[in-house]
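Chemist: My questions all concern the structure below.
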Amino acid sequence: MLLTGCRSGEVASLQCSDVKDNRLRLRNSKTGPRTVWLGDEALAVIAALPRQRNVAWPFWNPTLHKPVPPLGNHWRAICDRAGLAGVRLHDLRHTFASHAAMNKDTLPMIGRLLGHLNTQSTSRYALLVDEHGLRTAERIGAAVQRILT
């Protein structure tokens, strides 16, 4: 989720056949079918998953012989074990989007990466884009001032 911006349900319902080269083809996204692009880090995580013969899901529970359920029920225990106080599962998706905003990606692109159907859903990240723009303008202004003095 942190490397793709996917929702927990999208990850839980993912099947091995949905992974095609450097993308995921989600059949049952909240907003309908969509493509998720995979960076090298996400591809490495997927490649490292143990594959089970005749099992359609990459996230599989071999003890229960079924796909791993969405992490919501187990998230608190995972955070406690990792020492991550106050981190919500959906924060992984927000962190992905926030980094995209801070790295100068446009709001339409961020919305596309997240599978948002309208720009209002993505507008929460506009403040990060604005803050980054302000920091950039201040840095440029300081550089010009140093040249002029």
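Chemist: How many residues are among the charged types (D, E, K, R) and either over 23 Å from V19 (Cβ atoms) or part of a helix (DSSP H, G or I) (or both) if we restrict to the range 44-86?
Modeler: Taking the range 44-86 as the starting set, the residues that turn out to be among the charged types (D, E, K, R) are 51, 53, 66, 76, 80-81.
Within this subset, residues satisfying the condition of being either over 23 Å from V19 (Cβ atoms) or part of a helix (DSSP H, G or I) (or both) are 76, 80-81.
Qualifying residue count for the region: 3.
Chemist: Report whether or not T106 is closer than 29 Å to R27 by Cβ and surrounded by 10 or more Cβ atoms within 10 Å (Cβ to Cβ). Steps first, please.
Modeler: Values: closer than 29 Å to R27 by Cβ: yes; surrounded by 10 or more Cβ atoms within 10 Å (Cβ to Cβ): yes.
Criteria met by T106.
Chemist: Name the residue that is nearest to A97 (Cα to Cα), counting only residues in the range 1-32 that are among the polar types (S, T, N, Q) and open to solvent by 40 Å² or more (accessible area, probe 1.4 Å).
Modeler: Within the range 1-32, the subset among the polar types (S, T, N, Q) is 4, 8, 13, 15, 17, 22, 28-29, 31.
Applying the additional criterion that residues be open to solvent by 40 Å² or more (accessible area, probe 1.4 Å) yields 13, 15, 17, 22, 28, 31.
On the way: S13: 21, Q15: 24, S17: 26, N22: 19, N28: 21, T31: 17 Å.
By that ranking, first place goes to T31.
Chemist: When the range 33-58 is examined, which residues are found to be under 21 Å from L117 (Cβ atoms) and touching a residue at least 24 places away in the same chain (Cβ under 8 Å)?
Modeler: If the condition is that a residue be under 21 Å from L117 (Cβ atoms) and touching a residue at least 24 places away in the same chain (Cβ under 8 Å), then R34, V36, W37 are the ones that fit.
Chemist: Are any residues in the range 90-149 at pLDDT 85 or above and assigned to a loop (DSSP other than H, G, I, E, B), and if so, which ones?
Modeler: If the condition is that a residue be at pLDDT 85 or above and assigned to a loop (DSSP other than H, G, I, E, B), then G115, H116 are the ones that fit.
Chemist: Would you pick out the residues in the range 71-86 that are modelled with pLDDT of 90 or more and loosely packed, with under 10 Cβ neighbours inside 10 Å?
Modeler: Correct list: R81, A82, G83, A85, G86.
Chemist: Exactly one of these conditions fails for A97: (1) surrounded by 14 or more Cβ atoms within 10 Å (Cβ to Cβ); (2) without any contact (Cβ under 8 Å) to a residue 40 or more places away in the chain. Give me its number.
Modeler: (2)
Chemist: Also, quick follow-up: Can you name the residue in the range 38-70 that is within 17 Å of L2 (Cβ to Cβ), loosely packed, with under 13 Cβ neighbours inside 10 Å and not aliphatic (A, V, I, L, M) and is also farthest from the chain's Cα centre (by Cα) among such residues?
Modeler: Here the answer is D40.
Chemist: A further question on this structure: Can you find even one residue in the range 124-135 that is open to solvent by less than 50 Å² (accessible area, probe 1.4 Å) and under 26 Å from N28 (Cα atoms)?
Modeler: Checking the range 124-135: at least one residue is open to solvent by less than 50 Å² (accessible area, probe 1.4 Å) and under 26 Å from N28 (Cα atoms).
The values are calculated or read from the model by the stated rules, or taken from the named source; none is laboratory data. No experiment lies behind these values; they were computed from the predicted model shown. No Cβ is skipped: glycine too gets one built from the backbone with ideal geometry, and neighbour counts run over all protein chains shown. Surface areas here come from the heavy atoms of the whole protein model, side chains and all, with no ligands, DNA or RNA. Shrake-Rupley method; radii C 1.70, N 1.55, O 1.52, S 1.80 Å.
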